[in-house]
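Structure first, then comments.
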Amino acid sequence: MISRIRALHRELAPDDQAYELVLTHCEIVWAVAEQLVHARGLEVDVELVRAGCLVHDVGVHLLAGSPYIRHGVLGARALLERGFPAELARFCAHHTGVGLTREDIERQNLPLPAGDYLAETAEERLVMYADKFHSKSTPPVFVTAATYASRIGRFGAGPAARFAEMVAYYGEPDLTELTARYPHAVL
Ligand SMILES: [Fe+2]
């Protein structure tokens, strides 16, 4: 499955730079998740978490000018069209922010089909959480829990509280260990 996912990034990426940027981010999210699994002794399907991390942002390649928030649904559709299992496609559509509810979509008038896009399984929750600690900005950076908390505060008390709950449950990853492997700055 992992090699199929890498091949999918290769197929969908518009150029080498996008391929490198997005796949490296996905690998870093896996490194964060793997570290949390071991540090907290989490009982999850580790191979599913790994596949979920590697695939979660594949839809970024398909944006072609669409609003960024659509990358999740675009990625999920691309996976389903190619016969990937639905449980894997869900990682694409269900990792944005700390989850999007039908209400969030209506209130912020987001360009997404009505519905809830929440991480539901233990594996989906872990991928969503791990994703918050690295950003595909130029240049890419690691993000501390404090920095992410201050960003998400803009989206209201609900999302901020959902993130705080996850920090309390998972703890914070050791970014020092990760920056030794991936030399990106920490914001
Ligand atoms: Fe991501």
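Filter the stretch 109-157 for residues that are over 16 Å from the mean Cα position of the chain (by Cα) and touching a residue at least 40 places away in the same chain (Cβ under 8 Å) and give the result.
Leu110, Pro111, Leu112, Pro113, Pro139, Thr147, Phe155
Name the one entry in Ala93, Ala146 that is open to solvent by 10 Å² or more (accessible area, probe 1.4 Å) and away from the ligand (no atom under 16 Å from the Cβ). Break it down stepwise before answering.
Numbers: Ala93 fails: away from the ligand (no atom under 16 Å from the Cβ).
After ruling out the rest, the residue left standing is Ala146.
Which is under 23 Å from Glu165 (Cβ atoms) and either assigned to a loop (DSSP other than H, G, I, E, B) or open to solvent by 30 Å² or more (accessible area, probe 1.4 Å) (or both), of Gly65, Gly83, Gly52, Gly115?
Working: Gly65 fails: under 23 Å from Glu165 (Cβ atoms); Gly83 fails: under 23 Å from Glu165 (Cβ atoms); Gly52 fails: either assigned to a loop (DSSP other than H, G, I, E, B) or open to solvent by 30 Å² or more (accessible area, probe 1.4 Å) (or both).
None of the others qualify; the one that does is Gly115.
If you check Gly97 against the conditions, is it without any contact (Cβ under 8 Å) to a residue 12 or more places away in the chain and not in a helix (DSSP H, G or I)? Talk me through it step by step, then tell me what you get.
Values: without any contact (Cβ under 8 Å) to a residue 12 or more places away in the chain: no; not in a helix (DSSP H, G or I): yes.
Considered against the rule, which asks whether it is without any contact (Cβ under 8 Å) to a residue 12 or more places away in the chain and not in a helix (DSSP H, G or I), Gly97 comes out as no.
Taking the condition of being open to solvent by 10 Å² or more (accessible area, probe 1.4 Å), within 20 Å of Pro140 (Cα to Cα) and β-branched (Val, Ile, Thr), how many residues in the stretch 6-49 meet it?
1
The values are calculated or read from the model by the stated rules, or taken from the named source; none is laboratory data. Quick caveat: nothing in here was measured; it's all calculated off a predicted structure. Counting neighbours? That spans all protein chains shown, and the Cβs are built from the backbone with ideal geometry, glycine included. Keep in mind that these areas ignore ligands, DNA and RNA; they rest on the heavy atoms of the full protein, side chains included. Shrake-Rupley method; radii C 1.70, N 1.55, O 1.52, S 1.80 Å.
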